[in-house]
Amino acid sequence: MTEYSVDGMALDRDRMMILSLRPRFADAILSGVKTIELRRTEPKIRVPTLALIYASTPVRALLGTCVVTRVESGRLAALWQVHGAGSGLDHGEFLSYFEGVQAGTALSLAGPRRFSRPIPLGELRSRPKGFRPPQSFCYVDAETGNRLLQMAA
């Protein structure tokens with residue numbers, strides 16, 4: 001496995017997370033343009049944590065990784081003011097995404113790395129057996145995460 005660290009801090013070695021994203025957002029993260037991922041639910045992670053980037057339909061593939069360096073939850077107006085510019089959303093998309101909730105979470109992202117080849121869903125489902133992409137995000141233990149990373153090598 002490739003060693004990952006951010007500003008000299010070692011990653012959480014016990015587990016990783018998989019972020020399921022629309023293809024445009026996955027590409028924006030992996031190109032370094034999108035540095036903030038907004039979520040309605042706060043993930044329970046230690047930072048820094050390695051995140052595997054899965055692009056949903058029509059791509060349906062694991063595309064790369066990034067590192068979640070900070071998790072910040074708060075009221076929507078404050079999240080937009082502080083993190084809106086890095087989110088890849090316009091204000092209307094932001095309001096639509098958070099409709100019905102009063103608070104949200106911003107994940108600060110760094111160190112994006114695109115795999116040399118996408119790993120399609122069919123291949124992911126065969127190794128490790130039963131892989132299912134999350135609706136939003138999920139956690140995987142280090143063994144499963146490392147197997148997924150080895151598929152990209």
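The values are calculated or read from the model by the stated rules, or taken from the named source; none is laboratory data. Given the structure is predicted, the values throughout are model-derived calculations rather than measurements. In this analysis, Cβ positions are derived from the backbone assuming ideal geometry, glycine residues included, and neighbour counts consider all displayed protein chains. Side chains are part of the model used for accessible areas, which takes the heavy atoms of the whole protein and leaves out ligands, DNA and RNA. Shrake-Rupley method; radii C 1.70, N 1.55, O 1.52, S 1.80 Å.
Annotation: extensible slack from Thr57 through Glu72 equals 2.6 nm (criterion: 0.36 nm per residue apart, minus Cα-Cα distance). Placing a label point 7 Å from the Cα of Thr41 along the Cα-to-Cβ direction, the residues of region 92-114 whose backbone N falls under 14 Å from that point are 105. Here is the list for region 1-95: GluC sites (Glu not before Pro) lying in DSSP coil, each with at most 15 other C-beta atoms within 10 angstrom of its C-beta, are Glu3. Surface composition of the chain: carbon and sulfur atoms hold 50% of the protein heavy-atom accessible area at a 1.4 Å probe. Across region 31-150, the mean sequence separation of Cα contacts (distance under 8 Å, 6 or more residues apart), normalised by length, yields a relative contact order of 33 percent. Each principal axis of the Cα cloud of region 105-147 was evaluated for its coordinate range; sorted largest first, these ranges are 32, 24, 20 Å. Kirkwood analysis of the Cα pair distances in the chain returns a hydrodynamic radius of 15.7 Å. Applying a DSSP loop filter and a limit of 13 other Cβ atoms within 10 Å to the trypsin sites (Lys or Arg not before Pro) in region 22-65 leaves Arg40, Lys44, Arg46. The residues of the chain expose on average 53 square angstrom of accessible surface per residue, using a 1.4 Å probe on protein heavy atoms.
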